[in-house]
Amino acid sequence: MERPALHSLSLSALQSALRAGEFTALEALDSLEARIASVDPQVGGYLSRNLEKARAEAASADVSLPLGGVPIAIKDVINVRGEPCTAASQILQGYTATYDASVIRKLRAAGAIPFGRLNMDEFAMGSSTENSSLQTTSNPWALERIPGGSSGGSAAVVAADTAFASLGSDTGGSIRQPAALCGCVGLKPSYGRVSRFGLIAFASSLDQIGPFTKTVEDSARLLNVLSGKDPQDSTSLDLPAEDYTRLLGRDLKGLKLGMPKEYFIEGIDPQVDAAVRAAVRQCESLGAEIVQVSLPHTEYAVAVYYIIATAEASANLARFDGVRYGRRAADVKNLQDLYVRSRSEGFGEEVKRRIILGTYVLSSGYYDAYYLRAQKVRTLIRRDFERAFEGVDALICPTSPEVAFKRGERSNDPLKMYLADIFTIAANLAGNCGISVPCGFAQVDGARLPVGLQLLGKSFDEARLLQIAHAYEQSTPWHKERPTL
Amino acid sequence: MSAELDVRNTAKLARLELSEAETSRFQTQLSQVLSYVEKLKEVDVTGIEPTAHTSEVQNVFRADEPRDWFSAQEALSNAPRQANGLFVVSKVIE
């Protein structure tokens, strides 16, 4: 059998090869860099790479560590000391991170090498990566199409074999949706599972950092490193340490999977619907019992999300004022003018739109009608999930109602773009965990586009979620397919 | 409710200045978004507690003790303007 190219290895396969001494960490990094140099000009996933620094780290890598010598690419919203961290915004041009995010500290302690900054929608606001102020990222399966978002770079580089794995962040689906559209595995951990310290905040009650990988096993191995209580994030929870790989390899006998009837509706791309229903049957054949469940408040989730997320964003983004870091407007008249002009010149259109919406829903006179009411409906959405999980081990549904669309198709219709998130945002509102795994392809205009299966688990039940995702993945060929680049 | 959205005034509250084109575009787009979220009025929320976040934690305290963190130099390393170990800003009082 022909040996697979080094860059196409999964993280686990790379580690085995490193430990067996088949090649060194430095050789793996150089081979990855060669692949990036040949393919990334088409894909546009990377914003920058510090090859010299990574090579120094690779040269002294201890491959016996849990992620020893493995390069991991990082969404440009997570701080890595000494590297740019711009959130793909003009307002952070020239900014150099002065500290490592907690997840980066944990990656380093496990021997991994943070390598490369990845494109994204500005401040993680978007579902297509078209809101980046820096560059265009393409879907590796069809270069005229979007990779999803907001972590579009994180998904595209894993799908293009220009990263063994990457980190992204998920506020309303920003890990799961691009993973689905690019055909890789994307995990949003339960809220509180992974420290947010060092993640540029978008909506603090919804944001979670999580991995993009080629396989479910890799996802579990990365979560082993990323998770855990962090004194620097008061919302990270102190739960007993666990090995998220421990249930991998078991079948689905005795498990119940719920199909939320509100997630199998009119308006879903028929090819997506067919692929997901075939995946449900596959899980049944692996021993799972399939039952119908209802999440009755689903139709309100998008409205709740766009009130809560923009409200929190308007407060979080108040820190960008041109004083301590980031862009400062020139020739200002006074301090007020400095704030206004620095922000107006630095933020892109979608960010401004959301700040204004968030400011409005929090403003005196409208707070109760919008923000407080949205928080109450959020409680009802949480209860929907709690009730559904009383009878099932996980929920099974599409990740996105559609496959990757063409660049520019949605740019003028924010509401339509927001509605594409209908199947992912409820998990952020409820705090539970979710994963997207490849479940087939749709043929559209001569392109072969990946479809994602979403599994949603109870809060802090990632081990079970990964078991189910792994059993499905291993019984299907989808995760082995790669785009032609 | 949505008819009352005044984009220009709300932008001012958020310390943003919009062009004419942005103002009129946002007025249309955000009015659409606000009329969409009107559907939340259908929901009976009587007696329902609001959810601010989904963590089980309430107050989290740490000992109020000094610890190593940024030096002044590091804290200033991204400052657009600095002098004498301080951030320089424009005049506050005319």
>> With +1 on the Cβ of every Lys and Arg and -1 on the Cβ of every Asp and Glu, and nothing else charged, how large is the dipole of chain A about its Cα centre, in debye rounded to the nearest 20?
In response: 600 debye
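Work through the residues other than A:R383 whose Cβ is under 12 Å from its Cβ and net out their charges, Lys, Arg +1 and Asp, Glu -1. Could you put the intermediate results ahead of the total?
Working: positive: A:K376, A:R378, A:R382, A:R387; negative: A:D384, A:E386, A:E390, B:E49.
Spelling it out: positives minus negatives among the neighbours equals 0.
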> What order do you get for A:T245, A:T129, A:T162 when you list them from fewest to most C-beta neighbours inside 10 Å?
Replying inline: A:T245, A:T162, A:T129
> For region A:386-443 and region A:190-226, what is the separation of their Cα centres, given in Å?
Replying inline: 17 Å
> Once Lys and Arg get +1 and Asp and Glu get -1 on their Cβ, which of A:L338, A:L317, A:G358 lies farthest toward the positive end of the dipole of region A:298-376?
Replying inline: A:L338
> Using a ≥ b ≥ c from the Cα gyration tensor of region A:82-222 (square roots of the eigenvalues), is it rounded, prolate or oblate, where a/c under 1.5 gives rounded and otherwise the larger of a/b and b/c decides, a/b for prolate?
Replying inline: rounded
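Determine the calculated [θ] at 222 nm for the protein assembly as shown from helices alone, applying -39500 (n - 2.57) to every DSSP H run no shorter than 4 residues and normalising by the residue count; nearest 500 deg cm²/dmol.
Computed mean residue ellipticity for the protein assembly as shown: -10500 deg cm²/dmol.
Calculate the FRET efficiency for B:K39 and B:N9 from the Cβ-Cβ distance with a Förster distance of 25 Å, rounded to the nearest 0.05. Display every interim value, and only then the final one.
Working: r = 25 Å, r/R0 = 1.01.
Between B:K39 and B:N9 the formula returns 0.50.
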> Between B:A72 and A:D413, how many nm apart are label points set 7 Å from Cα along the C-beta direction?
Replying inline: 5.7 nm
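If packing is taken as the average count of other Cβ atoms within 10 Å, what order do A:53-59, A:470-476 fall into, highest mean first? Spell out each step's value before the answer.
Numbers: A:53-59: 17.0, A:470-476: 20.3.
For the peptides A:53-59, A:470-476, the packing ranking is A:470-476, A:53-59.
If you count, for every residue in A:367-375, the Cβ atoms of partner chains within 10 Å of its Cβ, what is the mean?
On the way: counts 0, 0, 5, 6, 1, 2, 7, 6, 7.
Taking all residues of A:367-375 together, the mean is 4.
Report the relative contact order of chain A, percent, no decimals, based on alpha-carbon pairs under 8 angstrom and at least 6 residues apart. Write down the numbers at each step before the final one.
Details: 1160 pairs, mean separation 86.5, N = 485.
Reported relative contact order: 18 percent.
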> Roughly what angle does helix B:20-37 make with the longest principal axis of chain B, taking Cα atoms, 0 to 90 degrees, to the nearest 10?
Replying inline: 60 degrees
> Once you average over the residues of B:29-38, how many Cβ atoms of partner chains fall within 10 Å of each Cβ?
Replying inline: 6
>> Largest first, please: the extent of the C-alpha atoms of the protein assembly as shown along each principal axis, to the nearest Å.
In response: 77, 57, 54
> Where does the charge balance sit around A:R145 when Lys and Arg score +1, Asp and Glu -1, over other residues with C-beta under 13 Å from its C-beta?
Replying inline: -1
>> Please state the shape class of region B:35-94: rounded when a/c is under 1.5, otherwise prolate if a/b exceeds b/c and oblate if not, all from the C-alpha gyration tensor.
In response: oblate
> Near A:K256, which lysines are there with a Cα under 29 Å away, not counting those fewer than 8 places off in the same chain?
Replying inline: A:K188, A:K214, A:K458, A:K480
> So, with +1 on the Cβ of K and R and -1 on the Cβ of D and E, and no other charges, what is the size of the charge dipole of region A:370-485 about its Cα centre, to the nearest 20 debye?
Replying inline: 320 debye
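I want the antiparallel fraction of DSSP beta bridges within chain A, as a percent rounded to 5.
Numbers: 33 of 46 bridges.
Antiparallel bridges make up about 70 percent of those DSSP assigns within chain A.
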>> For region A:22-140, what does the relative contact order come out to in percent, with C-alpha contacts under 8 Å and a separation of six or more?
In response: 30 percent
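Over all residues in A:419-431, what is the mean tally of Cβ atoms on other chains that come within 10 Å of each residue's Cβ? Walk me through the intermediate numbers first.
On the way: counts 1, 0, 0, 0, 0, 0, 0, 0, 0, 1, 2, 2, 5.
Per-residue shielding by partner chains comes out at 1.
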> Most exposed first by the Cβ proxy, i.e. fewest other Cβ within 10 Å, how do B:R8, A:R117, A:R387 rank?
Replying inline: A:R387, B:R8, A:R117
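Nearest 20 debye, what's the magnitude of the dipole of region B:2-42 about its Cα centre given +1 on Lys and Arg Cβ and -1 on Asp and Glu Cβ? Before the final figure, lay out the partial values.
Working: 6 positive and 7 negative charges, 20 e Å.
So the magnitude is around 100 debye.
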>> I'd like to know which of B:A14, A:A155, A:C184 lies farthest towards the positive end of the charge dipole of the protein assembly as shown, counting +1 on Cβ of Lys and Arg and -1 on Cβ of Asp and Glu.
In response: B:A14
>> With unit charges on the beta carbons (Lys and Arg positive, Asp and Glu negative) and the dipole taken about the Cα centre of chain A, which residue among A:L415, A:V291, A:V437 sits farthest to the positive side?
In response: A:L415
> Can you give me the Cα centroid spacing of region A:270-287 and region B:27-54 in angstrom?
Replying inline: 34 Å
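Please compute the net charge surrounding A:P477, taking Lys and Arg as +1 and Asp and Glu as -1 over other residues with Cβ under 15 Å from its Cβ. Display every interim value, and only then the final one.
Details: positive: A:K214, A:R448, A:K480, A:R482; negative: A:E473, A:E481.
Local charge sum for A:P477: +2.
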> What number, in percent, do you get for the relative contact order of region A:145-240 if the mean sequence gap of Cα pairs under 8 Å and at least 6 apart is divided by its residue count?
Replying inline: 28 percent
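Rule-based calculations on the coordinates, nothing more; no lab input. This is a predicted model, so every value here is computed, not measured. Because the Cβ atoms are built from the backbone with ideal geometry, glycine has one as well, and the counts that use them run over all protein chains shown.
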